[in-house]
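What follows is calculated from the coordinates using simple rules that are stated; it is not laboratory data. Fair warning: this is a prediction, and the values are worked out from it, not measured in the lab. For neighbour counting, all protein chains shown are included, and Cβ atoms are generated from backbone atoms with ideal geometry for every residue, glycine included.
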Amino acid sequence: MSRLLYDLAAADESIRFSPFCWRIKLALAHKNLAFESIPWHFTEKDKIAFSGQGKVPVLVDADRVISDSQAIAEYLEITYPNEASLFGEPPARPLVSFIKTWTETVLHPALAHVVLADIHALLTPEDQTYFRQTREGYYKRRLEDFAVHRTEATAALNSTLKPLKTTLEKQPFLAGLAPNYADHIVFGALKWAVTVSSTPLLEANGVLERWMNAVEETYGLA
């Protein structure tokens with residue numbers, strides 16, 4: 001059986017935008033593991049029912065089925081120890097954990113307030129209904145309200161990105177001289193946003209754009 005990764009897609013299935021799926025695509029590339037990407041939509045819960053839950057990423061590796069990006073990353077690290085470590089030396093693990101927490105609690109919300117309305121516009125009609133119901137239920141705001149306040153949200157995002165820019169002005173990758181899972185996590189967040197955004201989010205040829213290009217070039221994705 002080939003290695004399969006179920007990957008969130010827009011109505012145009014060439015658009016893949018899940019930050020969590022991007023983490024795993026980079027992790028697989030880091031481990032030099034080939035895989036087939038399977039497009040998946042929010043409302044296709046039956047398509048991944050075999051995983052025992054309803055979200056992607058889902059990795060099928062021979063007879064193993066693993067869901068949740070962190071669980072998949074841990075699985076890859078343990079199962080393929082002869083390839084480069086995703087997390088670096090043991091003392092670096094807490095730093096990777098901090099990057100994960102910062103990304104999910106600070107960066108993701110800042111990005112979401114800018115691009116939620118844009119995501120809705122890219123989805124299938126069935127997914128649009130699901131997305132509106134779930135996101136408006138979570139944020140207690142209509143998607144149109146996010147579009148109205150996009151300017152303020154973009155300003156807040158730029159403030160959130162300052163420590164990331166400052167760090168990457170001093171070193172090529174978050175992990176140092178080469179990327180690891182810390183870079184994968186933050187890259188996934190920014191790739192999600194720039195893929196779906198209706199307007200440019202990053203300065204052209206700025207430090208973040210150059211870093212993203214360097215990550216993609218490292219893994220042969222450019």
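Worth a mention:
- Solvent-free Debye scattering, log10 I(q)/I(0), computed from the Cα coordinates of the chain at q = 0.13 Å⁻¹: -0.78
- Amide H contacts of Val58 (H built 1.01 Å from N, under 5 Å, at least 5 apart or other chain): Tyr6
- Seen from Val60, the other residues with C-beta closer than 13 Å to its C-beta sum to a net charge of -1, counting Lys and Arg as +1 and Asp and Glu as -1.
- Whole-Å distance, taken between Cα centres, linking the stretch 163-178 and the stretch 89-117: 15 Å
- Cross-link reach is defined here as a Cα-Cα straight distance under 18 Å, omitting same-chain residues fewer than 8 places apart; for Lys100 the aspartates and glutamates meeting it are Asp68, Glu74, Glu77, Glu89, Asp183.
- Of all the options Asp63, Asp118, Asp145, the one that moves most in a Gaussian network model of the chain with Cα springs shorter than 10 angstrom is Asp63.
- Within straight-line cross-link reach of Lys45, lysines at Cα separation under 22 Å, skipping those fewer than 8 residues along the same chain: Lys25, Lys55
- Whether the stretch 1-119 is rounded, prolate or oblate, judged on the alpha carbon gyration tensor where a/c under 1.5 counts as rounded: oblate
- Cα-Cα over 32 Å, subset of Lys31/Lys165; Lys31/Lys140; Lys31/Lys191: Lys31/Lys140
- The 3J(HN,Hα) values that the Karplus relation (6.51, -1.76, 1.60; θ = phi - 60°) gives for the stretch 86-95 are, in residue order, 6, 10, x, 5, x, x, 7, 4, x, 5 Hz. Gly and Pro appear as x.
- Largest GNM mean-square fluctuation among Phe98, Phe20, Phe187, using the chain with Cα springs under 10 Å: Phe98.
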